[in-house]
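Peer 1: Take a look at this one; I'll ask things after.
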Amino acid sequence: MAGQEQLKSCVIDKNLCSGCGMCVGLCPYIKTFRDRVKVIHPCGQKDGTCYSTCPKTFWDIDGMDDFVFQGPRSDQALGVYKGIFFSRAAGEKAGGAQYGGTATSLMAFALDSGMVEGAVLAGGSALDPRPVYAGTALEVMAGAGSKYTAVPTLAAFNQAVGINGGRLGLVGRPCQVEAVRKMQQGCHSEAHGNRERAVGLTIGLFCFWSLTPEFYDFLAEKTKGEVITRVDIPVEGLTVTTPAGANTWPVDQIRKYIKDSCSACIDCTSEWADISVGSTESDPQYNTLVVRTVAGQRLVERAAEKGVIEIKPYPEERLPILRKAALNKKMRVIQGEGGKMPGYLKLSDQYRAEIIRQWEVLQK
Amino acid sequence: MSAHAVALDQPGRRVVLTGNEAAARGAIEAGVSFAACYPGSPTSEVLPTLARLGARFNIYTEYSTNEKVAMEAATAASYAGLRSLTICKADGFNVALDFAAAVCLQGINAGMVIMVGDDPGSHSSVREEDSRLLARTANFPVLEPSTVQEAKDIVKAAFDLSEDLRQPVVVRCTTRICHASGDVTLGDIPMVKKEATFTRSQRFVSSVKFAPGMRDKIKRAAALAGDSPFNYYTGPENAQRLVIASGPSYTYSLEALAMLGLEDTAGVLKISTTWPLPEELIIKYLIPAREVVFAEEVDSFLEDGVMVLAAKNMDRIGQTKFYGKNSGHVAGPGGPFVGELDPDIVAGCLGKVFNTPYHPPAIPNAGEARDIIEHSLPGRELALCAGCPHRASFWAIKTAVELDGREAIVLGDIGCYTLGLYRTGYNLLQTVLCMGSGVGLACGLAKLDRFNFRQPVISVVGDSTFFHAAPQALMNARYNQADILCVILDNETTAMTGHQPHPGRGVSASGEAVGRVEIESLLGGMGIPVTVHDPYDIEGSIEVICSLLRQKGPRALVLRRSCALVAVKGKKKNRVYVDQDRCIGDSCGCARFCSGVFACPANIWDSERGRARIDEAVCNGCGVCATLCPGKAIVVERTV
């Protein structure tokens, strides 16, 4: 095993840290500010929960499928799922929610219905996002809206586990879902207690990359200090809304702010979440909703029944587009620069061959 | 001893006083009217002693913002015909030197004494400095007491000398005189009519036209030194072996000669008027001497002065060998120009020169004692006090610097927070030079961006040091738009020298309530944005510092929280204890954070149980460790 020293040398110093926050709040030695996660002081321990639960130290993709879905996947693009839909919040959606507001509505519903006792998510404003613990549906609603820099949401998770020990919900990025799944397999140290059952629901977000905080400097420069009311990155490019109106810049201009760790990530649809939510890339009123686990399925069905969300079939013609985007990202990573994959990813030859095969099929 | 003994109007009575109290008594016996100082060890206790007696003896006392201002204020009183005293440490004399070098030309009116504390061995200073060199630069005669009694008598005599010459006189006291206690025979307290007059016709100007007159004063001082009762010789007549000593080295030399059994063959010439020197007196003893040894602390000041006299009078003194710091014969363990002397060191040096080997008296069980000291006693590092707000501030700054990730440079300054150099302050500080210098250095570093230096620059300065020396540097930062973050560690007192008040405190030296100078308003007036935060809120402080580090231009953060010692003095403390069932201890998740890393002296390790514990005798009840404990195992019972 290994501990803080290896976390620092193998993950943080190599820019592999995605800022998920899993190692923050477990001890007094690792701290976070905005998306940055840093080792403040050496703890001197040989082994540590920070290393063992980090989604960028090691993980075995086949093993993760077994753990979450009790079996292998057939679709290498989107992972295991029971259904894929277009969805949106029924009635009034939360003020800041992006697109259909599905993630917010579902987590609020999970809280209201007692499936979870609290939720952690990326709250705060577009310019100052921060990890938030929400104890009520209203507090979940207040956190609505996409954040484009990496918020170490799991720091709030660790804090909440320490305080109430109850079952928590997570709205998070793919790396955060992976971290939680790793933790559920019991790889943390004894001092961090019995955390396997601390997670009641994971709502994973689609995420192709997140940005470094220097992105804020870019925003400030572009908007010349005006108040920013909304940030969005649709296909057309970065769109920033101020009281004076909306302005769009090509995505290429913000590419330099993409975190290095995101370029080494193969999961853009939160493949191990109970439910994954993303944009539709076609209808801004809706989300793409991927239902993956039994628990996720049950929640979505009940939410639809109770009129919390509306769902409709996923347009068949869009599926290859989504699958192609997901596979393209995987191919970029497994073929990597010079064909080298990041060392922490364990991928069986069969899995790897299957990814390549499915990608080739889509190219035709 | 108390101010009571200092105030006794019983001439001839013997009382026990410290050197600083004796000096204060000497000033009272001289009829001093005005005393001003910026506190600095080893002379910090002189002014408060006078302040307590100010009403009784009609003495005005003040803590000035710095030593230059103190010397200027004291000079004004002298101009107006009142005897005045200013007190500082050697480093403080540096600050005042610009004024001193100006005032010396035309001189003063009523007697004015500058008591300077030198600190051989740097017990309470960052370095050793010999203020006699500065006094000579300023053309102020220097007197040095060798005993506590002399601390009183010489201060008193210095006023007379100063008034005779119309020139300020320096009394150089070392730590061993200031802090020693000794019996002192009290003298008369005069009934002086204290009346300040400064007429329209009086003028005091620094001009080269006064230079010849100033030289004449020094000549007269040398002549008067020949008759000074504070210079005297002890030993056989016409000794061929002579020790010339000043300050406490005089008593060390007498003791050393006795230990060597040389008291009948070697003599000691004690010189208190170390500048200007009494030429004829010294030559008289150099004539019979064949071997001369100098015993003095810090620099070779007396030695160099005597060597000049010897060269001038070579034909009269004949063949004589000189041994001292320059020849390397008079040296402590650190070398000739470092550290204090003591009777053993002097005996060792004299033994070598006089070919009489010195055998230190055998200490019973010395080997065993050494073994215990070396192997069994835990090492004691310098440490901030339990509950010190600086510790919280340093942890917040350290964390913020790491989180910022741009290798911010952290520059320090003089005060309790100088300990930021060490483990107790997480080895945070990169420079510690003199009062306020961290801010000025920061200004310079912050302007190196065109040479590709772009790391953030933080200067850390205490509240008293801020008032003493930082405003000029901060104005510079504002004027030249230096990107610096100045963190003011405001513990609302001058903690290191003994909790003296300062302009931000709202209390004068004599205890009167006065208007506060607000750091925020002062900086606001300079156009420097200020944030104020409580350092005990470490998480909040980290966030504030991280945010401020991202900003441009000069900016300031006041981390304000009373010195833990002041906060609990005479009050009930919160009880803080560890719930050992919740303590994570040695495991992952803590690894003895409170006792091993945060390391407040009250956070200790219970090795029997393998859990943390609070030393309740030491704890000041701040509860900061409870906010940092990862197991939430530290409980604070709030009574405050």
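The values are calculated or read from the model by the stated rules, or taken from the named source; none is laboratory data. Values in this document were obtained by computation on a predicted structure and should not be read as measured data. Using ideal geometry, Cβ is built from the backbone for each residue, glycine included, and neighbour counts are taken over all protein chains shown.
Peer 1: For region B:27-43, name all the residues that are surrounded by 24 or more Cβ atoms within 10 Å (Cβ to Cβ) and within 18 Å of the chain's Cα centre (by Cα).
Peer 2: Scanning region B:27-43 gives B:ALA35, B:ALA36, B:CYS37, B:TYR38, B:PRO39, B:GLY40, B:PRO42, B:THR43.
Peer 1: Also, I was wondering about something else. Which is at positive phi, more than 32 Å from the chain's Cα centre (by Cα) and surrounded by 20 or more Cβ atoms within 10 Å (Cβ to Cβ), of B:ALA633, B:ALA591, B:ALA612?
Peer 2: On the way: B:ALA633 fails: at positive phi; B:ALA612 fails: at positive phi.
Step by step, each of B:ALA633, B:ALA591, B:ALA612 is checked, and only B:ALA591 is at positive phi, more than 32 Å from the chain's Cα centre (by Cα) and surrounded by 20 or more Cβ atoms within 10 Å (Cβ to Cβ).
Peer 1: So is A:LYS31 within 8 Å of chain B (Cβ to nearest Cβ), among the basic types (Lys, Arg) and without any contact (Cβ under 8 Å) to a residue 12 or more places away in the chain or not? Full working, then the answer.
Peer 2: Working: within 8 Å of chain B (Cβ to nearest Cβ): yes; among the basic types (Lys, Arg): yes; without any contact (Cβ under 8 Å) to a residue 12 or more places away in the chain: yes.
Criteria met by A:LYS31.
Peer 1: State yes or no: is B:SER78 modelled with pLDDT under 95 and either of a type in the set (Ser, Thr, Tyr) or surrounded by fewer than 20 Cβ atoms within 10 Å (Cβ to Cβ) (or both)? Show your work before the answer.
Peer 2: Values: modelled with pLDDT under 95: no; either of a type in the set (Ser, Thr, Tyr) or surrounded by fewer than 20 Cβ atoms within 10 Å (Cβ to Cβ) (or both): yes.
Answer is no for this residue.
Peer 1: Moving on. Given the criteria free of Cβ contacts under 8 Å to residues at least 60 places away in the same chain, out of contact with any Gly (no Cβ under 7 Å at 6 or more places or on another chain) and not assigned by TED's automatic domain parsing to the domain that holds B:VAL624, does B:LEU559 qualify?
Peer 2: Details: free of Cβ contacts under 8 Å to residues at least 60 places away in the same chain: no; out of contact with any Gly (no Cβ under 7 Å at 6 or more places or on another chain): yes; not assigned by TED's automatic domain parsing to the domain that holds B:VAL624: yes.
Taking the combined requirement at face value, the residue does not satisfy it.
Peer 1: Then there's this: Select from region B:392-423 the residues that are away from every other protein chain (no Cβ under 14 Å) and of a type outside the set (A, V, I, L, M, F, W, C) and write down the one among them that is nearest to the chain's Cα centre (by Cα). Walk me through it before giving the result.
Peer 2: If we filter region B:392-423 for residues that are away from every other protein chain (no Cβ under 14 Å), which is where we start, we get B:393, B:409-422.
Those still in the list that are of a type outside the set (A, V, I, L, M, F, W, C) too: B:393, B:412-413, B:415, B:417-418, B:420, B:422.
Details: B:SER393: 25, B:GLY412: 17, B:ASP413: 14, B:GLY415: 10, B:TYR417: 15, B:THR418: 13, B:GLY420: 18, B:TYR422: 20 Å.
The selected residue is B:GLY415.
Peer 1: In region A:276-318, how many residues are free of Cβ contacts under 8 Å to residues at least 24 places away in the same chain and surrounded by 15 or more Cβ atoms within 10 Å (Cβ to Cβ)?
Peer 2: Looking only at that region, the number is 1.
Peer 1: Tally time: how many residues in region B:116-131 are surrounded by 22 or more Cβ atoms within 10 Å (Cβ to Cβ) and either out of contact with any helix residue (DSSP H, G or I) (no Cβ under 6 Å at 6 or more places or on another chain) or over 20 Å from B:THR75 (Cβ atoms) (or both)?
Peer 2: The qualifying residues number 3.
Peer 1: Considering each of B:PHE467, B:PHE453 in turn, give the residue that is of a type in the set (Phe, Trp, Tyr), part of a helix (DSSP H, G or I) and over 28 Å from B:CYS594 (Cα atoms). Can you show your working first?
Peer 2: On the way: B:PHE453 fails: part of a helix (DSSP H, G or I).
Within the list B:PHE467, B:PHE453, the selection yields B:PHE467.
Peer 1: Moving to a separate point now. Among the residues in region A:112-130, are any closer than 29 Å to A:PRO213 by Cα, among the basic types (Lys, Arg), assigned by TED's automatic domain parsing to the domain that holds A:MET22 and crowded, with 21+ Cβ neighbours inside 10 Å? Walk me through it before giving the result.
Peer 2: First, pick out the residues of region A:112-130 that are closer than 29 Å to A:PRO213 by Cα: A:118-130.
Keeping just the survivors that are among the basic types (Lys, Arg) gives A:130.
From what is left, the residues that are assigned by TED's automatic domain parsing to the domain that holds A:MET22 are A:130.
From what is left, the residues that are crowded, with 21+ Cβ neighbours inside 10 Å are none.
So far as region A:112-130 goes, no, none of its residues is closer than 29 Å to A:PRO213 by Cα, among the basic types (Lys, Arg), assigned by TED's automatic domain parsing to the domain that holds A:MET22 and crowded, with 21+ Cβ neighbours inside 10 Å.
Peer 1: Taking into account only those residues within region A:11-23 that are surrounded by fewer than 24 Cβ atoms within 10 Å (Cβ to Cβ) and closer than 20 Å to B:GLY589 by Cα, which is nearest to the other protein chains (Cβ to nearest Cβ)?
Peer 2: To start, the set of residues in region A:11-23 that are surrounded by fewer than 24 Cβ atoms within 10 Å (Cβ to Cβ) comprises A:11-16.
From the residues that got through so far, the ones that are closer than 20 Å to B:GLY589 by Cα too are A:11-12.
Numbers: A:VAL11: 14, A:ILE12: 10 Å.
Taking the candidates together, the pick is A:ILE12.
Peer 1: Could I ask something else about it? Scanning region A:182-201 for residues that are touching a strand residue (DSSP E or B) at 6+ places or on another chain (Cβ under 8 Å) and not in a helix (DSSP H, G or I), which turns out farthest from the other protein chains (Cβ to nearest Cβ)?
Peer 2: A:LEU201
Peer 1: Filter region A:146-168 for residues that are of a type in the set (Gly, Ala, Ser), free of Cβ contacts under 8 Å to residues at least 60 places away in the same chain and either farther than 20 Å from A:CYS54 by Cα or out of contact with any strand residue (DSSP E or B) (no Cβ under 6 Å at 6 or more places or on another chain) (or both) and give the result.
Peer 2: We begin by selecting, within region A:146-168, every residue of a type in the set (Gly, Ala, Ser); these are A:146, A:150, A:155-156, A:160, A:162, A:165-166.
The next check asks that each one be free of Cβ contacts under 8 Å to residues at least 60 places away in the same chain; those that pass are A:160, A:165-166.
A:GLY165, A:GLY166, listed by residue number.
Peer 1: Looking at this structure, is A:GLY44 surrounded by fewer than 18 Cβ atoms within 10 Å (Cβ to Cβ), more than 14 Å from chain B (Cβ to nearest Cβ) and among the small types (Gly, Ala, Ser)?
Peer 2: On the way: surrounded by fewer than 18 Cβ atoms within 10 Å (Cβ to Cβ): yes; more than 14 Å from chain B (Cβ to nearest Cβ): no; among the small types (Gly, Ala, Ser): yes.
Answer is no for this residue.
Peer 1: Listed residues B:LEU382, B:LEU350, B:LEU403; which is in a helix (DSSP H, G or I), over 26 Å from B:LYS321 (Cβ atoms), touching a helix residue (DSSP H, G or I) at 6+ places or on another chain (Cβ under 9 Å) and not polar (S, T, N, Q)?
Peer 2: Numbers: B:LEU382 fails: in a helix (DSSP H, G or I); B:LEU350 fails: over 26 Å from B:LYS321 (Cβ atoms).
Matching residue, one of B:LEU382, B:LEU350, B:LEU403: B:LEU403.
Quick grid of which residues meet (1) away from chain B (no Cβ under 14 Å); (2) part of a strand (DSSP E or B); (3) within 30 Å of A:THR293 (Cα to Cα):
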| residue | (1), (2), (3) |
| --- | --- |
| A:VAL180 | yes, no, yes |
| A:ILE203 | yes, yes, yes |
| A:GLU221 | no, no, no |
| A:VAL240 | yes, yes, no |
| A:ILE254 | yes, no, no |
| A:CYS262 | yes, no, yes |
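Peer 1: Continuing with the same structure: Would you confirm, using the coordinates I've provided, whether A:THR57 is within 11 Å of chain B (Cβ to nearest Cβ) and hydroxyl-bearing (Ser, Thr, Tyr)?
Peer 2: Values: within 11 Å of chain B (Cβ to nearest Cβ): no; hydroxyl-bearing (Ser, Thr, Tyr): yes.
Answer is no for this residue.
Peer 1: Another question, then. Looking at region B:581-640, which of its residues are within 13 Å of another protein chain (Cβ to nearest Cβ), of a type in the set (Val, Ile, Thr) and in contact with a helix residue (DSSP H, G or I) (Cβ under 7 Å, 6 or more places away or on another chain)?
Peer 2: Within region B:581-640, B:ILE584, B:VAL624, B:THR627, B:ILE634 qualify.
Peer 1: Here's something else I'd like to know. Quick check on A:SER146: is it within 17 Å of B:GLU543 (Cα to Cα) and away from every other protein chain (no Cβ under 13 Å)? Break it down into steps so the answer makes sense when it comes.
Peer 2: Working: within 17 Å of B:GLU543 (Cα to Cα): no; away from every other protein chain (no Cβ under 13 Å): yes.
When the stated conditions are applied, A:SER146 does not pass them.
Peer 1: So, restricting to helices (runs of 4 or more DSSP H) that lie completely within region B:535-637, which ones have at least 2 residues that are small (Gly, Ala, Ser)?
Peer 2: Details: elements: B:538-549, B:564-568, B:624-628.
Where helices (runs of 4 or more DSSP H) fall fully within region B:535-637 and carry at least 2 residues being small (Gly, Ala, Ser), they are B:538-549, B:564-568.
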